[in-house]
């Protein structure tokens with residue numbers, strides 16, 4: 001990439017709806033770059049303050065679509081590739097990432113793209129490298145094998161509010177004063193704060209000498225996972241955790257254990273757990289030499305992440321990334337519905353704000369024990385349960401996770417639709433519509449829809465239907481009660 005100022009530089013970000021990409025775009029815009037985002041669902045960008053920025057161009061499309069990828073890459077000075085899969089069946093995510101990286105490399109070569117920047121994972125090379133880390137290395141090698149100069153950054157655990165590794169660590173430490181753990185807790189790693197990852201990614205654009213290199217990035221501390229857990233306990237104000245490493249817990253058992261205790265599902269935890277057996281420490285200080293700057297240590301990074309979490313200021317979260325399900329066609333076939341209404345003595349905006357705060361720590365306006373039982377049941381069979389919570393206590397956007405739901409439609413002051421991601425013998429939605437009534441009142445319609453899969457699906461619906469008669473009225477009364485209490489207090 002030739003020397004140029006930020007306001008003359010066009011940058012493409014692939015993975016802008018993900019944990020790192022969602023934060024990177026804002027930093028690039030703040031620096032003065034012109035940024036393009038290639039996204040499957042532009043609505044997933046709605047939560048970001050930069051979504052309407054004058055120097056931002058959003059291109060709707062998928063990486064699998066060669067035409068869309070070529071259009072997005074055309075004449076860009078640099079392209080960030082922040083894409084990887086972790087939830088496919090064993091072996092499938094590596095194959096998918098290999099295919100996407102190959103197509104992206106070829107498209108970049110044909111589109112006059114000057115440079116590629118990729119964020120991969122640390123891990124000492126060799127036959128014992130986990131499939132997940134091996135796949136991350138392979139993607140970097142594929143991208144570097146083309147004619148476009150490619151910078152590969154390799155990072156270990158990223159510590160930041162909302163990251164999967166940080167939340168896994170926090171929940172384990174909070175919930176388990178005594179742990180029987182896999183032997184990987186004695187493995188050394190070199191964590192890096194999310195703010196430092198972003199600094200490296202942004203500043204490398206102005207460092208031509210970083211092009212074509214593989215750079216290991218990490219903070220100043222090399223620690224075992226067991227030591228990091230004790231730092232987390234200290235920062236949470238907890239006593240030292242009692243940890244017993246044992247050699248008999250396989251990655252599969254480890255992932256099930258992580259899935260049981262933390263918000264991260266076992267399907268995501270498995271590749272993470274497999275990678276924890278590998279030492280992930282920087283091989284040299286080349287990144288620091290080329291892009292100098294002071295990095296946060298583990299204690300500082302954890303403290304900063306906890307501060308953001310406690311303030312409800314989580315910019316991006318691991319649970320938002322990933323593909324969105326297509327809208328189900330509720331017309332035709334067997335679709336079962338349960339619709340109920342309530343009139344709220346309060347304006348539409350206040351009523352919708354109350355509905356928008358659903359789930360997480362707030363819950364569902366009552367019948368909490370039933371929701372927790374349902375969450376435990378789902379968790380026991382491999383579903384997310386209620387563990388994921390939500391990114392922010394009141395702010396909610398398209399594509400975000402709310403407990404075992406996903407936001408699939410959000411029209412402010414009109415409609416909120418949640419699609420169930422719990423393990424079900426069918427497809428389920430919970431839909432809220434609000435309509436203004438005279439004299440500052442609001443009509444709320446709540447509709448549960450379910451399309452059963454076979455007889456098991458029908459049996460499930462009729463088994464839970466009697467509970468709707470208790471839970472749904474409680475929810476609607478709770479919405480009305482809270483809105484009216486706010487009105488009376490104002």
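The values are calculated or read from the model by the stated rules, or taken from the named source; none is laboratory data. Since we're looking at a predicted model, the values are computed, not measured. Backbone-built Cβ (ideal geometry, glycine too); neighbour counts: all protein chains shown.
Does residue 476 fit the bill of being within 21 Å of residue 413 (Cα to Cα) and surrounded by 15 or more Cβ atoms within 10 Å (Cβ to Cβ)? So residue 476 passes the test.
Among strands (runs of 3 or more DSSP E) entirely within segment 147-258, having at least 3 residues that are closer than 19 Å to residue 19 by Cβ and modelled with pLDDT of 90 or more singles out 150-155. Figure legend. Inter-residue proximity from segment 361-382: first residues farther than 16 Å from residue 472 by Cβ and assigned by TED's automatic domain parsing to the domain that holds residue 476, second residues modelled with pLDDT of 90 or more and exposed (fewer than 12 other Cβ atoms within 10 Å of the Cβ), beta-carbon distance below 9 Å, spacing 6+ or different chains. No pairs are indicated.
Within segment 347-389, the set of residues being on the phi > 0 side of the Ramachandran plot and part of a loop (DSSP other than H, G, I, E, B) comprises 360, 365, 366, 367, 382, 385, 389. The set of residues from segment 9-41 being on the phi > 0 side of the Ramachandran plot and either under 21 Å from the mean Cα position of the chain (by Cα) or in a helix (DSSP H, G or I) (or both) comprises just one member, 15.
Counting only strands (runs of 3 or more DSSP E) that sit wholly inside segment 390-460, those with at least 2 residues that are touching a helix residue (DSSP H, G or I) at 6+ places or on another chain (Cβ under 8 Å) and surrounded by 20 or more Cβ atoms within 10 Å (Cβ to Cβ) are 426-437, 441-452.
Within segment 295-334, being out of contact with any helix residue (DSSP H, G or I) (no Cβ under 9 Å at 6 or more places or on another chain) and either assigned to a helix (DSSP H, G or I) or modelled with pLDDT of 85 or more (or both) holds for 297, 300, 307, 308, 310.
For segment 42-68, a tally of residues being closer than 17 Å to residue 320 by Cβ and in a strand (DSSP E or B) returns 1. Here residue 50 passes the criteria (1) surrounded by fewer than 21 Cβ atoms within 10 Å (Cβ to Cβ); (2) at pLDDT below 90; (3) at negative phi except the one numbered (2). Residues in segment 168-193 that are touching a helix residue (DSSP H, G or I) at 6+ places or on another chain (Cβ under 7 Å) and under 20 Å from residue 220 (Cβ atoms): 169, 187, 189, 191, 193. Tell me, yes or no, whether segment 265-282 has at least one residue that is at pLDDT 90 or above, more than 26 Å from residue 318 (Cα to Cα) and in contact with a strand residue (DSSP E or B) (Cβ under 6 Å, 6 or more places away or on another chain). Looking for residues that are at pLDDT 90 or above, more than 26 Å from residue 318 (Cα to Cα) and in contact with a strand residue (DSSP E or B) (Cβ under 6 Å, 6 or more places away or on another chain), one finds none in segment 265-282, hence no. Close Cβ contacts (under 7 Å, 6 or more residues apart or on different chains) running from residues in segment 91-103 that are assigned by TED's automatic domain parsing to the domain that holds residue 64 and at pLDDT below 90 to residues that are surrounded by 14 or more Cβ atoms within 10 Å (Cβ to Cβ) and assigned to a helix (DSSP H, G or I) comprise 93/135; 94/131; 94/135; 97/135; 97/139; 98/138; 98/142.
Sort through 382, 366 and tell me the only one that's over 23 Å from residue 468 (Cβ atoms), touching a helix residue (DSSP H, G or I) at 6+ places or on another chain (Cβ under 8 Å) and either surrounded by fewer than 20 Cβ atoms within 10 Å (Cβ to Cβ) or at pLDDT 90 or above (or both). Testing whether each residue is over 23 Å from residue 468 (Cβ atoms), touching a helix residue (DSSP H, G or I) at 6+ places or on another chain (Cβ under 8 Å) and either surrounded by fewer than 20 Cβ atoms within 10 Å (Cβ to Cβ) or at pLDDT 90 or above (or both) leaves just 382.
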